[in-house]
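Below: the structure, in structure tokens.
The values are calculated or read from the model by the stated rules, or taken from the named source; none is laboratory data. Remember, predicted model here, so these are calculated numbers, not experimental data. Please note: Cβ atoms are built from the backbone with ideal geometry, for glycine as well, and neighbour counts cover all protein chains shown. Surface areas here come from the heavy atoms of the whole protein model, side chains and all, with no ligands, DNA or RNA. Shrake-Rupley method; radii C 1.70, N 1.55, O 1.52, S 1.80 Å.
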2 protein chains.
Amino acid sequence: MTDTPARLLNLLSLLQTPREWPGSELATRLGVSPRTIRRDIERLRDLGYPVQATMGADGGYRLAAGAAMPPLVLDDEEAVAIAVGLRAGAGHAVEGIEEASVRALAKLEQVLPSRLRHRVGALQAATVPLVGGDGASVDPHTLTVMASAATGQERLRFAYRKGDGEETKRLVEPHRLVSTGRRWYLVAYDIDRDDWRTFRVDRVSEPFATGARFTPRELPAADAAEYLSRSMAGLQPTYRVVAAFEAPAEFVAARLPRWLGMPVATGDTSCRLDVTTADSLEWVAFRLALVDCEFAVHEPPALIEHLRELGARISRAAG
Amino acid sequence: MTDTPARLLNLLSLLQTPREWPGSELATRLGVSPRTIRRDIERLRDLGYPVQATMGADGGYRLAAGAAMPPLVLDDEEAVAIAVGLRAGAGHAVEGIEEASVRALAKLEQVLPSRLRHRVGALQAATVPLVGGDGASVDPHTLTVMASAATGQERLRFAYRKGDGEETKRLVEPHRLVSTGRRWYLVAYDIDRDDWRTFRVDRVSEPFATGARFTPRELPAADAAEYLSRSMAGLQPTYRVVAAFEAPAEFVAARLPRWLGMPVATGDTSCRLDVTTADSLEWVAFRLALVDCEFAVHEPPALIEHLRELGARISRAAG
DNA sequence: CGATCTAGGACACGTCCTGGCCTATATGGG
DNA sequence: CCCATATAGGCCAGGACGTGTCCTAGATCG
């Protein structure tokens, strides 16, 4: 409280409250004269924070939207809410911002007080994983540890469950996290195997940043996404799904995630969807049923079988 | 950039990066001597931010978790990611932190630069509303405007669609937002009608804070939640849902949201769920089907009918 | 053992921060 | 209309404090 910088930070946090503060109240609250408050406001404006003032009787200051993000001052509950929200969305985030979302979560969790961390964990446990599917859900904690290690250029140690169920210990230099559809991959240089590898994040457990720094190697590809798609080509079983809907293409498109592709209109009130890269039939079945209109699945047989079972189960539930 | 406070904020933002910074690099980057950096670190520590230092060769500083949240310095993408994540979760947030979640969103959107606001809007449009249900989804923008007006004690103007479909104009003094299950309500004092009212947020459109301040009146109840439940008693149609599952109670509980209540075990591999306050049958049907085990619905008839249709539709889709 | 980092005391110089006082200006209410 | 109250900002005096340049001590790794 003796410092000018501390006061400015306090001021910034007060101004982020969605209300107006008269200068006199700010002065008494921060323990300085109103004149100094006016100067502090000026300082904040010089720093680029657009402090808005309303003139006249019962005027006051508030922080408006500007050119750059000001440092967000959150109270405990807000921080927990953001952390829980981001973790809930970590598995199936909106496409295009998955990486940024994980980065933000890592940044927040790095400085999250431990008592709040417990609350986040408890609430996270209470949350319902929306996709039952094949159970390949990612642990937000794993994601954030990996993201931190990648940007911090620290070596990473973890246990990896291979496709055949065997557990192996890995020591890698993490390069980047890549999200495809709803699955996460880590592109990293495997120290022991002395080569680049990709790891499915849902098969990783007990990730641990060793603290040892490394200098980034050059990836043998234009970027991590390209390397991933090259290394996955022909490797994992993917399905091609073809379905027809009895509803306008816009109606269906609005109810499907983008990465499933866009439906093509086959008439005024019908359209067709062709998904080439589906990797979980349960998930696709679930999304199709959610569209809330008549539809028919033409391919693959496994999906048709799964839908038959689901429909039968629901019918049985109805007595 | 000439100021000490500005440098401290910059330093704080650098230290939030998940990596270690040697003092010398911080010095050159911020354009001051290493000694000043050491003093700045000390200042931050005095302010309560736990700057962790590792000694020895290639040591450095980083920001650790402490007692209080430091101001979060986000880049553009991270801010957008948080905003989108919170908006996506605004409708059906994790129980217990809905209000905090909306507060955080309001705080963020208040200072979000407009160019980022456009990106948030675009991504938000691309997001899929998870619950089709009765279409009573809330607009995150409406929520944040209302939350800001309530905590900022500003009068609020909006259009309200009553139960019979009629549009009315309202001018209110917002008191609090309350979330029950997946629905949002505003408890406010209606100026024109000169009495307290509750409004369903999903029926509100074009909310607008007038800027006129008011002094809070005393609510004729212990708190907003109590007032809401009193004013809703016997008013809105709620259903009682009874369902039986052929799976252990823990299995079912883990796949149901808390506000639906807890299933009661009726055997080792069976349990029973009794929901007294369901307000949307589509939503309940959807959640029950998601549990992924055999189940049967005993009540109400409307839900059974809905399930019958859903099951038939899925079966038809399977050809 | 030496290199390299953090940690921090001492000192001197100059800057800038503060409070008090002034005026100008915008706004709303009696 | 006029007055109260708010922001906005200039000017000035005095003193606090931030700065760079020394210095030494302690920790850690190769």
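Sparsely packed loop sites in the stretch A:152-201 (the GluC sites (Glu not before Pro) outside DSSP H, G, I, E and B with at most 16 other Cβ atoms within 10 Å) comprise A:GLU166.
Rounded to 0.05, the FRET efficiency of the B:THR28 and B:LEU290 pair, given R0 = 56 Å and the Cβ-Cβ distance, is 0.50.
Using the alpha-carbon atoms, what tilt in degrees (0 to 90, nearest 10) does helix B:4-16 show relative to the longest principal axis of chain B? For B:4-16 against chain B, the angle is about 60 degrees. Summing Cβ point charges (Lys, Arg +1; Asp, Glu -1) relative to the Cα centre of the stretch A:27-87 gives a dipole of roughly 320 debye.
Annotation for A:ASP192, label-to-label distances across the other copies: 7.2 nm (shortest first, one decimal, point 7 Å from Cα along Cα→Cβ). Normalised by residue number, the volume inside the convex hull of the Cα atoms of chain A is 232 Å³ per residue. Using Cβ point charges alone (K and R +1, D and E -1), the dipole size of chain A about the Cα centre works out to roughly 840 debye.
Between B:ASN10, B:VAL252, B:VAL187, the Cα set farthest toward the positive side of the dipole of chain B (charges on each charged residue's Cβ, about the Cα centre) is that of B:ASN10.
Put a label point 7 Å from Cα along the Cβ direction on B:PRO300, then list its distances to the equivalent points in the other copies in nm, shortest first. Computed spacing set for this position: 4.3 nm.
With contacts taken as Cα pairs under 8 Å and at least 6 residues apart, chain A reaches a relative contact order of 11 percent. Built from the Cα atoms of the protein assembly as shown, the convex hull projects on average onto 32.3 nm², one quarter of its surface area. Placing a label point 7 Å from Cα along the Cα-to-Cβ direction at A:THR215 gives distances to the equivalent points in the other copies of 6.9 nm, listed shortest first.
Heavy-atom accessible surface of B:GLU299, to the nearest 10 Å², is about 80 Å², with a 1.4 Å probe and all protein chains retained. Considering the rotation that superimposes chain B on chain A, the residue of B whose beta-carbon lies nearest the axis, and that distance in Å, is B:PRO71, 2.
Between A:ARG19 and A:ALA254, how high is the FRET efficiency from 1/(1 + (r/R0)^6) when r is the Cβ-Cβ distance and R₀ = 22 Å? Nearest 0.05. The value I calculate is 0.05. Can you list, bin by bin at 5 Å, the percent of alpha carbon pairs in the stretch A:239-317, starting at 0? Reading the bins upward from 0: 3, 16, 29, 25, 16, 8, 2. Mean-square fluctuations from a GNM of chain A, with a 10 angstrom spring cutoff on Cα atoms, peak among A:ARG255, A:ARG87, A:ARG38 at A:ARG38. Computed from the alpha carbon atoms alone, the convex hull of the stretch B:4-63 holds 74 Å³ per residue. When the charge dipole of chain B is built from unit charges on Cβ atoms (+1 for Lys and Arg, -1 for Asp and Glu) and taken about the Cα centre, the candidate among B:THR168, B:SER229, B:ALA212 whose Cα reaches farthest toward its positive end is B:ALA212. For the residues A:ARG35, A:ARG157, A:ARG170, a GNM of chain A with alpha-carbon springs under 10 Å puts the largest fluctuation on A:ARG35. Against chain B, whose longest principal axis is taken from its Cα atoms, helix B:140-152 shows a tilt of about 70°.
Maximal additional length on extending the B:THR4-B:GLU309 stretch stands at 103.1 nm, based on 0.36 nm per residue less the C-alpha distance.
Among B:THR36, B:THR198, B:THR266, the largest mean-square fluctuation in a Gaussian network model of chain B (Cα springs under 10 Å) belongs to B:THR36. Name the residue farthest towards the positive end of the dipole of the protein assembly as shown from the options B:ALA296, A:HIS298, A:THR276, assuming +1 on Cβ of Lys and Arg, -1 on Cβ of Asp and Glu, about the Cα centre. Of the candidates, A:THR276 comes out farthest on the positive side. Against the main long axis of the alpha-carbon atoms of chain A, helix A:114-126 sits at an angle near 30°. Counting heavy atoms of the protein chains alone, A:SER205 has an accessible area of about 40 Å² for a 1.4 Å probe. Ranking A:ILE37, A:ILE304 from most to least accessible surface, computed with a 1.4 Å probe over the protein chains only, gives A:ILE304, A:ILE37.
How large is the charge dipole for the protein assembly as shown, taken about the Cα centre, if only the Cβ atoms of Lys, Arg (+1) and Asp, Glu (-1) carry charge, to the nearest 20 debye?
Magnitude of the dipole: close to 1460 debye.
What is the Cα centroid distance between the stretch B:146-185 and the stretch A:155-227, reported in whole angstrom? So the separation of the two Cα centres works out to 49 Å. Amide H contacts of B:ARG176 (H built 1.01 Å from N, in plane; Pro and chain starts excluded): B:VAL187 sit under 5 Å, all sequence-distant by 5 or more or on other chains.
Here B:LYS107 is the anchor, and the lysines within straight C-alpha reach of less than 20 Å, apart from those fewer than 8 places off in the same chain, are A:LYS107.
Heavy-atom accessible area, probed at 1.4 angstrom with all protein chains present, ranks A:ARG230, A:ARG313 as A:ARG230, A:ARG313, highest first.
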